[in-house]
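The values are calculated or read from the model by the stated rules, or taken from the named source; none is laboratory data. The shown structure was predicted, so the numbers you read here are calculated from the model rather than taken from an experiment. Note: ideal-geometry Cβ built from the backbone for every residue, glycine included; neighbour counts use all protein chains shown.
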Amino acid sequence: MGWRELIVFPDLTKMTIKAKIDSGARTTALHAYDIEVVKERKKTWVYFDVHPLQKCQKTTVRVRAPFIEYRKIKSSTGHETLRPVIETTIDIGGDRFTTEVTLVNRDMMGFRLLIGRQTIRKKYLVDVGESFLTRKKSIKKIKD
């Protein structure tokens, strides 16, 4: 995979989100806001809004996902935050599997989604000089 890729979370939204692949980051982080953790019938859910399109705040998707836990996450600047964690299906170039995702406001960041090493471990090698390699792979699959 390249240093940036197009990702889909089919259980959350069918929209493609441009992601930065960061093997230095441990966990995957999705831009989310208006985050609410709600207990409903013995199960805890997280409701949140997502701007799936980079540099666009007009398109908003309201999402519901099962809540796993709160986790302390340290940013690259050393700032520690307590973030809600969800487990959801991720689609990378047609490959689907489950992964844990932390929810955090990433308005100040260039990418709405950061894919950490736990998500890609033992699945992908990152070519930092390339972009959107998994998209090319999925197009090749369609042609085959």
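What's the number of the condition residue 110 fails, among (1) within 15 Å of the chain's Cα centre (by Cα); (2) modelled with pLDDT under 95; (3) surrounded by 14 or more Cβ atoms within 10 Å (Cβ to Cβ)?
The number of the failed condition is (3).
Here's the yes/no breakdown for (1) touching a residue at least 60 places away in the same chain (Cβ under 8 Å); (2) assigned to a strand (DSSP E or B); (3) in contact with a Pro (Cβ under 9 Å, 6 or more places away or on another chain); (4) surrounded by 14 or more Cβ atoms within 10 Å (Cβ to Cβ):
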| site | (1), (2), (3), (4) |
| --- | --- |
| 73 | no, yes, no, yes |
| 77 | no, no, no, no |
| 83 | no, yes, no, yes |
| 88 | yes, yes, yes, yes |
| 91 | yes, yes, yes, yes |
| 97 | no, yes, no, no |
| 101 | yes, yes, no, yes |
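Quickly run through the range 1-44 and pick out the residues that are within 16 Å of residue 68 (Cβ to Cβ) and not hydrophobic (A, V, I, L, M, F, W, C).
11, 26, 27, 28, 36, 39, 40, 42, 43, 44
Which strands (runs of 3 or more DSSP E) sit wholly inside the range 1-45 and have at least 3 residues that are touching a residue at least 60 places away in the same chain (Cβ under 8 Å) and of a type in the set (D, E, K, R)?
Result: 13-22.
What's the number of the only condition in (1) out of contact with any Pro (no Cβ under 9 Å at 6 or more places or on another chain); (2) more than 16 Å from residue 106 (Cα to Cα); (3) surrounded by 15 or more Cβ atoms within 10 Å (Cβ to Cβ) that residue 22 fails to meet?
Evaluating residue 22 over (1) out of contact with any Pro (no Cβ under 9 Å at 6 or more places or on another chain); (2) more than 16 Å from residue 106 (Cα to Cα); (3) surrounded by 15 or more Cβ atoms within 10 Å (Cβ to Cβ) leaves (2) as the failure.
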